[in-house]
Amino acid sequence: MNGKEEENEQPDRCPCCGLYTVKEIVELSPAYMWDCPNCGRENFQRSITVALTEEDRIHMNLSSEEIGSWQSYPNFITCKFCKQSFKTRHISETEIVDGDEDEL
């Protein structure tokens with residue numbers, strides 16, 4: 001493709017407000033990025049969206065006006081390139097939970 005063809009593929013801009021206009025909307029899913037310790041390649045894993053019940057909201061001390069979703073991560077992941085599987089830990093977790101050291 002030459003530069004002119006690529007330039008024509010840019011989304012149109014609204015002449016009134018200058019925002020991009022698009023014909024199709026793409027829905028994004030929350031995901032975790034991780035680098036495979038075996039092959040070093042970058043992977044993405046969708047997060048798990050947890051549906052909160054009213055009991056959950058009460059237990060978590062959330063008001064009914066608070067909106068959003070609760071995101072979690074899978075316990076195990078597999079590299080899509082080298083097919084090696086790994087146990088996971090969230091980036092904010094610094095300590096190994098009792099009993100987990102045997103599973104590593």
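Every read-out reported here was derived from the displayed coordinates using simple, explicitly stated rules and does not represent laboratory data. Just so it is clear, the structure is predicted and the values come from calculations on it, not from any experiment. Note: ideal-geometry Cβ built from the backbone for every residue, glycine included; neighbour counts use all protein chains shown.
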Amide hydrogen neighbours beyond the local backbone of Ala31, cut-off 5 Å, H modeled:
Ser47
So which GluC sites (Glu not before Pro) in the stretch 5-84 end up in coil per DSSP with only 11 or fewer other C-beta atoms within 10 Å?
Glu9, Glu24, Glu27, Glu65, Glu66
Note, the stretch 63-71: 3J(HN,Hα) by Karplus (6.51, -1.76, 1.60, θ = phi - 60°), whole Hz, Gly/Pro = x, goes 7, 5, 7, 6, 10, x, 9, 9, 10
Amide H partners (placed H, <5 Å) of Tyr73, local residues excluded
Ile48
Want the number for Val26 to Cys14: 0.36 nm per residue separation, take away the alpha-carbon distance, what's left?
2.4 nm
By counting other Cβ atoms within 10 Å of each Cβ, how are Tyr20, Tyr32 ranked from fewest to most?
Tyr20, Tyr32
Provide the per-residue ³J(HN,Hα) series for the stretch 46-56, in order, calculated from phi with Karplus coefficients 6.51, -1.76, 1.60 and θ = phi - 60°, each as a whole number of Hz, with x at glycine and proline positions.
4, 7, 9, 8, 9, 7, 8, 8, 4, 4, 4
A correct Karplus calculation of ³J(HN,Hα) over the stretch 24-41, with 6.51 cos²θ - 1.76 cosθ + 1.60, θ = phi - 60°, whole Hz and x for Gly and Pro, returns 10, 9, 9, 7, 8, 10, x, 8, 10, 9, 8, 9, 5, x, 7, 10, x, 7
